[in-house]
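Structure first, commentary second.
What follows is calculated from the coordinates using simple rules that are stated; it is not laboratory data. Only a predicted model underlies this, so the values are computations on that prediction, with no experimental measurement involved. Neighbour counts are summed over all protein chains in view; Cβ atoms, including those assigned to glycine, are modelled from backbone coordinates with ideal geometry.
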C-alpha cells in the first residue's frame, strides 16, 4: 500500500516519518519489516484496545455491526436525523442520464454528457424503487416479511383505518397515506416509467410503418437491471455500455456481499428524532418514451453489416408531473414551425396533457415533486409516521408500559397535522391540513402575488413564506423505552436545490430540533 509521509518528525500510525514523500514503504523500512508491522497493527485492531484509537466511536460502531447492538449505539450517539429533499424511492432522472444522456443545461450534447454519466458507478443507487416492495403482499413476499419481522405490514392497517371514522373520510388530512396504503400507487400506476416504441418497416415503406410494438418498463425492471439488458438488445452500441452498466449493478448489489438496498423501501431509522422536509408542486420528470425504427432493406438492397451500430437510444417524449399532480407529455423531437408561428414569432408548444384511455387529462397525485425528485419518492416519508403503530402490532416480546401513544382504534389518530398559510405574517402553525391542494384556488399563481406587501421576493433567491404542511407522530421503543418522534414537512413551491437554503424550511426544522432539546434535556 502506498503511504504519504507528511513531514519530518510527524508521527503517522505511531512511527516517525522522514519527509514529504510518496513511497511504498515508510522511511527506514524495507518490505519485510513493513509487512510485519502491518500484521501487528491489524492484530491490535482486533482486540479491545482498538476502541481507544483515533476514531473510537466509529470503531465501536463497526464492531457492533451485524447484531442488534447497533440500535443501542444509534440511540446513544445520534440524537436527530434530518432528511432534506431525500429521494427515499429514488428518481428517474439518473436513469435517463444512463440510457440516453442529460447535459443538465451545460454547453455540450446529451451524448457527450452520457459518456461522463456512464462512468459514475453510483447512478444505480438512485434508481426508482417500487412501492410494492414496502408491502408484505407485494413482490417477493417472503423477503418483505423477513426484512420487517419486527413491524406490522402496511396493508394490515388499511381496514382498521377505513372502519375507524364511520361515514367520515379518515383519509381527509392524509392524502399521501391514502395514495400509498389504499390506492397503492407506484411509478407505473398511470403510465410506464420507461416505454420503447418499435416499428419494423419493410422496403419502400415510410414511417409510421404498420408493424408497431411497444415494450414497457416499470420500477421492478429498473431495479433488477432488466431495462439495461433490453435496451442493449434493442440498440446496438459500440462497447455495449448498458451491458457494462448491468454487470456493475449485479456485482455491486445483486451478487455482492453488501446488503442490497435497491430491492426494498427504506424504513424509519432507529434514531430518537427524525425530521423529513421537502418542497412540492414544481414540474418534475417522471417518465420517458423512446423510439426505435428497424428497416428491412430487402434482398436486392444494401443490408446492415454485422458490425454496424445504432447509436444513442432516441428519446421522443418526457412525462412531467406538474403542480397538483397534473401529467403532461413533452416532445423531444424538433419539428419545423408553422408559417403563422414564424410570422408571429410564437414558440411552438411542446407540452400537452397526458391522456388516459378515456381521453381524459391524466392526474395521479395531489402534488408534484420538487423539480428533481418525484413526489411519490418524497412522500414515502409519510409511512415513517406509522412506525410506532406498526412496531406494536407485531411485537412478540414483552411490551413496556405506554409503548404506543397512538389510539389503538386508528393508526392515524396519533399523527398531528398542522399547516402554516402562505404569506403568514405571524408564522404560527394552524391545526389541520388546510385547503385541499386542488381546491386551493390559484394561490400559487404569480398573478396573485404582490411582492410589495407579502415578502415573497427573498434576498437569498428562495421562495419566501410558502404554504407549509406539517405531520407529527410519536412513539416509544418497546425494547429500549426510548421515546421518539417523527416529523414530515412539505413546503409548496420550493425547488430541490433551494431546500437546503430555504429560510422557512430550515426555520421549521430547527425549531423542532430546539423544542426537542428543551423537552428532553431542558437546555433551551
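Taking the Cβ-Cβ separation of residue 209 and residue 257 as r and a Förster radius of 41 Å, what is the calculated FRET efficiency to the nearest 0.05? Walk me through the numbers before you get to the answer.
On the way: r = 48 Å, r/R0 = 1.18.
The calculated FRET efficiency here is 0.25.
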So if each residue of separation counts as 0.36 nm, and I subtract the Cα-Cα distance between residue 226 and residue 182, what length gain in nm does that give?
13.0 nm
For region 113-248, what does the equivalent ellipsoid look like in terms of its semi-axes, each the square root of 5 times an eigenvalue of the Cα gyration tensor, given largest first in whole Å?
39, 22, 13
If you consider only alpha-carbon coordinates, what radius of gyration and Dmax does region 473-524 have, in Å?
14.1, 40
Measuring from label point to label point, each 7 Å out along Cα→Cβ, what is the residue 172 to residue 247 span in nm?
5.9 nm
Can you grab the distance from the C-alpha centre of region 277-298 to the C-alpha centre of region 90-113, Å, no decimals?
12 Å
Computed E for residue 426/residue 79 - FRET, C-beta separation, R0 25 angstrom, nearest 0.05:
0.30
Residue span residue 520 to residue 164: 0.36 nm per residue of separation minus Cα-Cα distance leaves a gain in nm of 124.9 nm
For a Förster distance of 45 Å, can you work out the FRET efficiency between the beta-carbons of residue 240 and residue 506, rounded to the nearest 0.05?
0.50
Could you check the spin-label model distance between residue 350 and residue 120? Points 7 Å from the Cα along Cα→Cβ, value in nm.
2.1 nm
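Taking 0.36 nm per intervening residue step and subtracting the Cα-Cα distance, what contour gain separates residue 296 from residue 332 on full extension?
On the way: separation 36, 0.36 × 36 = 12.96 nm, distance 2.61 nm.
Contour length minus Cα-Cα distance gives 10.4 nm.
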Once both label points are put 7 Å beyond Cα along the C-beta direction, the residue 480-residue 308 separation in nm becomes 6.4 nm
Would you mind ranking 295, 119 so that the residue whose beta carbon has the fewest other beta carbons within 10 Å leads the list?
119, 295
Order by protection proxy (mean Cβ within 10 Å, highest first), peptides 272-285, 255-268
272-285, 255-268
